[in-house]
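The next block holds one structure in the form of structure tokens; read it before the comments.
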Amino acid sequence: MQNPFFEKYHTPHETIPFNEIKLEHFEPAFIEGIRRSEEQIDLIINNPEPPTFDNTIITTQFSEEQDEYYGLLDKVSSAFFNLLSAESNDDMELLAQKMQPLLTKHENDITLNEKLFKRIKAVYDNHRELTAEEQMLLENVYEGFERSGALLDEAGKEKLRKLSEEAGMLTLRFSQNLLKENKAFTLHITDEDDLEGLPETQRVAAREAAKERDMDGWLFTLDSPSYGPFMQYAKKRELREKMFMERNTVCAHDNDANNMEICKRLINLRREIAQLLGYETYADYVLKKRMASNKQTVYKLLYDLLKAYKPYAVLEREELIAKAKDMEGETFKFQQWDAAYYSHKLQLEKYNVDSEMVRPYLELSRVIDGVFGLANKLYGITFKENNEIPVYHPDVKAYEVFDEDGSFLAVFYADFHPRKGKQGGAWMTEFKGQWITKEGVNERPQVSVVMNLTKPTEDKPALLTLGEVETFLHEFGHSLHGMFANTRFESLSGTNVWWDFVELPSQFMENFSLEKEFLHTFAFHYETGEPMPDELIDRLIAGRNFMCASGCLRQVSFGLLDMAYYTKSDSFDDDILIFEKNAWKDAIIGQQLPNTCMTVQFSHIMAGGYSAGYYSYKWAEVLDADAFAVFKKEGLFNRATARRFRDCILSKGGTEHPAILYRRFKGADPSIDALLERNGIKKQ
């Protein structure tokens, strides 16, 4: 049988032929890809010519990304690991466990190759005059090797190999356990009285979820479109408690999916790796390559936010408890599983808005048109669905993206709904990055957004909440960062920027969700075609900061937890349940339940690249509010402002320091004032 990975893809824009790829194609492609990559490294280190930027640094970049022969490992890795998150199964999970050690070893074989590093260091110490992008690449390559152990002695290198190989396997197991646990639980309801309070939208979705499993009644899951509305609307308190406790004890049960020991070991492995490389803590290691620079700056940001928002969060909680007692009586004891339910009641009372009021106006196909239309208004780009591009699941749509001059810009995939084998949450990824070949051809990217939005039912299309629209905008912002990439080297293109800068383009796009000019372009009732009334939009805008201080404290608490784990300089052997509650206690204003645990399901900091970096969301929020204030001042859809944002930030990737890129866009450094004003903490 012919292996598609060994051939040039004969598909539109050489997209991945998902319709031809079988499970048995992956392993031989991985093995051969590793072999070819090793062969290319040998060619570099055995080059008889003196090392130069062109024959050493550039060759390390283009060997994998450009040449068809040596690009095999990238091709198979891109397809496999994206599918592992979005369309997995037991056989793929087993193959991932088999391949992970080989891939980690291969990576270590490169970064710990003494001869290769000797050539790189020779170029680093003595090179021709370089462009800004070339200089950034050289620094990244050299520091990447240095930070991966190239300066260690042989004993140190061997220790690093073992630590990194173990960490790679544990992050994979963490993610597999999380997927298994999230999908294992269902709340099966057979008595219609137990549905009291739930809107028809949720009842129909739950009934169809039950039918899919050949069950009677209604089925609720821990997937966001099911769990969130249930907690918000279900009147039966004992059922809310059950759902809450199941959601907040995922991977903390006494079974083979428990992540407690995995988390402990990962925390220690990362500390050991950092200390082996000469850093006191893992946070010190990570933050050296971040805008924040050091842990003191991170803690200052988190505690500045805590000081500004906590008094308001306390008032929000007091108002929420008062509402609950007003409804249930003075003896009512408020619990965490009551928060969403009574927040909804309070929001209705204060602003007369809730998610069900806006759902009929946020039909998915129109939202897609609206989001694409926003990109067109800002940047002039257009999207055209192409059914000839293979996809890996019927839920996925594939589009060709064209620039304002009509030239091809990118392929864009959108994967909208939850299903078995798909991780929860939402993310943007790439099947192919952007770079410019040695011949000057601008290879355009293939980007994807993966979400878990409300599914259509038998009699209704997919009707979204405003929060789901914000999620779409967020991930779409990441995709614009990828699609507009216009750099010479793939390792510097698109979202390949410092972690505390990468969320700027995504969070920036969220700002449009409550702008009338944007909503007027797509928010029409799915049955009548009537536009969303201005009066409803006004109520949404009036309530935009409802419970926002509590939301900020939640993010700060996650940042504090992250930093607590990764600023430890000694061995971590604490009880995670106790440590977690102490780590974030300054940002918690309610009771903490003894058996709930965030750490064991906190994939961002355990398996998702945000270790010692979760603060990035709040760091980028300062940037996004500041940047959006520029648009509000110069015109929401001002093409010149959008062009400046594209040219200075979106298209530049990681070719220069992010602070330089931002200053070039705004003409000044960012200020926290715009965020405080947007949240009503500081008056304009």
Search the stretch 74-98 for residues that are open to solvent by 50 Å² or more (accessible area, probe 1.4 Å) and pair each with any residue that is outside any helix (DSSP H, G or I) when their beta-carbon atoms are under 7 Å apart and the residues are at least 6 apart or on different chains. Glu87/Tyr392; Glu87/His393; Glu87/Gly421; Glu87/Lys422; Asn89/Gly421
Within the stretch 246-289, of all residues that are outside any helix (DSSP H, G or I) and small (Gly, Ala, Ser), the one farthest from Glu165 (Cα to Cα) is Ala252
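Criterion first (part of a helix (DSSP H, G or I), closer than 20 Å to Glu490 by Cα and open to solvent by less than 20 Å² (accessible area, probe 1.4 Å)) does Thr60 satisfy it? Before you say what the answer is, go through the steps one by one.
Working: part of a helix (DSSP H, G or I): yes; closer than 20 Å to Glu490 by Cα: yes; open to solvent by less than 20 Å² (accessible area, probe 1.4 Å): no.
Against the criterion (part of a helix (DSSP H, G or I), closer than 20 Å to Glu490 by Cα and open to solvent by less than 20 Å² (accessible area, probe 1.4 Å)), Thr60 does not qualify.
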How many of the residues in the stretch 513-533 are open to solvent by 40 Å² or more (accessible area, probe 1.4 Å) and under 29 Å from Tyr342 (Cβ atoms)? 1
Restricting the search to the stretch 260-311, which residues are closer than 26 Å to Val250 by Cβ and either without any contact (Cβ under 8 Å) to a residue 40 or more places away in the chain or of a type in the set (Phe, Trp, Tyr) (or both)? Glu261, Tyr282
So Glu535, is it at pLDDT 95 or above, under 30 Å from Ala587 (Cβ atoms) and in a helix (DSSP H, G or I): no
Exactly one of these conditions fails for Glu470: (1) of a type outside the set (Val, Ile, Thr); (2) out of contact with any Ser or Thr (no Cβ under 7 Å at 6 or more places or on another chain); (3) within 20 Å of Thr521 (Cβ to Cβ); (4) open to solvent by 30 Å² or more (accessible area, probe 1.4 Å). Give me its number. (2)
Quick check on the stretch 232-239. Is at least one of its residues within 28 Å of Thr471 (Cβ to Cβ), part of a helix (DSSP H, G or I) and open to solvent by less than 30 Å² (accessible area, probe 1.4 Å)? yes
What tally of residues in the stretch 570-608 results from selecting those that are assigned to a loop (DSSP other than H, G, I, E, B) and either touching a residue at least 24 places away in the same chain (Cβ under 8 Å) or over 14 Å from the mean Cα position of the chain (by Cα) (or both)? 20
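Residues checked against (1) in contact with an Asp or Glu (Cβ under 9 Å, 6 or more places away or on another chain); (2) open to solvent by less than 50 Å² (accessible area, probe 1.4 Å); (3) within 23 Å of Gly608 (Cβ to Cβ); (4) not polar (S, T, N, Q):
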site: Gly156; (1), (2), (3), (4): no, yes, no, yes
site: Phe174; (1), (2), (3), (4): no, yes, yes, yes
site: Ala184; (1), (2), (3), (4): no, no, yes, yes
site: Leu187; (1), (2), (3), (4): yes, yes, no, yes
Under 8 Å between Cβ atoms, at least 6 apart or on separate chains: pull out the pairs that start in the stretch 117-130 with a residue that is touching a residue at least 40 places away in the same chain (Cβ under 8 Å) and within 19 Å of Glu107 (Cα to Cα) and end on any residue that is hydroxyl-bearing (Ser, Thr, Tyr) and part of a helix (DSSP H, G or I). Arg119/Thr56; Ile120/Thr56; Ile120/Thr60; Ile120/Tyr142
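Using the structure shown, decide if Val469 is of a type outside the set (Gly, Ala, Ser) and either under 13 Å from the mean Cα position of the chain (by Cα) or under 15 Å from Glu656 (Cβ atoms) (or both). Even if it seems obvious, please write down each step before you answer.
Values: of a type outside the set (Gly, Ala, Ser): yes; either under 13 Å from the mean Cα position of the chain (by Cα) or under 15 Å from Glu656 (Cβ atoms) (or both): no.
When the stated conditions are applied, Val469 does not pass them.
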Lone qualifier among Asp562, Asp459, Asp500 - being in a helix (DSSP H, G or I) and modelled with pLDDT under 95: Asp500
In the set Phe628, Phe637, the lone residue that is crowded, with 17+ Cβ neighbours inside 10 Å, at pLDDT 95 or above and touching a helix residue (DSSP H, G or I) at 6+ places or on another chain (Cβ under 7 Å) is Phe628
Among the residues listed as Lys105, Lys8, the single one being of a type outside the set (S, T, N, Q) and within 30 Å of Gly425 (Cβ to Cβ): Lys105
Note down all Cβ pairs under 7 Å where the first residue falls in the stretch 371-385 and is touching a residue at least 12 places away in the same chain (Cβ under 8 Å), the second is β-branched (Val, Ile, Thr) and crowded, with 16+ Cβ neighbours inside 10 Å, and they're at least six residues apart or on different chains. Gly373/Thr521; Ala375/Ile381; Ile381/Val401; Phe383/Val401
Please list, ordered by first then second residue, the pairs with beta carbon atoms under 6 Å, 6 or more apart or interchain, first in the stretch 220-248 and under 22 Å from Glu328 (Cβ atoms), second of a type in the set (S, T, N, Q) and surrounded by 20 or more Cβ atoms within 10 Å (Cβ to Cβ). Pro229/Gln202
For residues that are under 26 Å from Pro311 (Cα atoms) and surrounded by fewer than 17 Cβ atoms within 10 Å (Cβ to Cβ), tally how many sit in the stretch 565-587. 4
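Picking from Ile58, Ile120, which residue would you name as being modelled with pLDDT under 95 and over 24 Å from Tyr9 (Cα atoms)?
Working: Ile120 fails: modelled with pLDDT under 95.
The conditions single out Ile58.
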If a residue has to be open to solvent by less than 60 Å² (accessible area, probe 1.4 Å) and either among the hydrophobic types (A, V, I, L, M, F, W, C) or touching a Cys at 6+ places or on another chain (Cβ under 6 Å) (or both) to count, how many in the stretch 20-41 make the cut? 6
Only one of (1) under 30 Å from Thr495 (Cα atoms); (2) under 25 Å from the mean Cα position of the chain (by Cα); (3) part of a helix (DSSP H, G or I) is not met by Ala340, so which one is it? (1)
Note on the stretch 390-411: residues of a type outside the set (D, E, K, R) and either within 16 Å of the chain's Cα centre (by Cα) or within 11 Å of Val450 (Cα to Cα) (or both) are Val396
Of the residues that make up the stretch 645-668, is at least one among the basic types (Lys, Arg), at pLDDT below 95 and loosely packed, with under 15 Cβ neighbours inside 10 Å? no
With the condition kept exactly as written, say whether any residue in the stretch 358-368 is open to solvent by 60 Å² or more (accessible area, probe 1.4 Å) and either in contact with a His (Cβ under 8 Å, 6 or more places away or on another chain) or more than 30 Å from Pro17 (Cβ to Cβ) (or both). yes
In the list Ser611, Ser557, Ser569, Ser616, which residue meets the criterion of being within 23 Å of Met245 (Cα to Cα) and of a type outside the set (A, V, I, L, M, F, W, C)? Ser557
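Residues are listed down the side, and each one gets a yes or a no for (1) small (Gly, Ala, Ser); (2) under 18 Å from Ser557 (Cα atoms); (3) without any contact (Cβ under 8 Å) to a residue 12 or more places away in the chain; (4) in a loop (DSSP other than H, G, I, E, B):
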| site | (1), (2), (3), (4) |
| --- | --- |
| Tyr610 | no, yes, no, yes |
| Gly613 | yes, yes, no, yes |
| Tyr617 | no, yes, no, no |
| Glu621 | no, yes, no, no |
| Lys632 | no, no, yes, no |
| Phe637 | no, no, no, yes |
| Ala640 | yes, no, yes, no |
| Ala659 | yes, no, no, no |
| Leu675 | no, no, no, no |
Search the stretch 520-549 for residues that are at positive phi and of a type outside the set (Ser, Thr, Tyr) and pair each with any residue that is part of a helix (DSSP H, G or I) and modelled with pLDDT of 95 or more when their beta-carbon atoms are under 7 Å apart and the residues are at least 6 apart or on different chains. Met547/Glu316; Met547/Ser343
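The values are calculated or read from the model by the stated rules, or taken from the named source; none is laboratory data. These numbers were taken from a predicted model, which means no experiment stands behind them. So basically every Cβ, Gly included, is an ideal-geometry build from the backbone, and we count neighbours across all protein chains shown. What goes into the accessible areas is simple: the full protein's heavy atoms, side chains included, and nothing from ligands, DNA or RNA. Shrake-Rupley method; radii C 1.70, N 1.55, O 1.52, S 1.80 Å.
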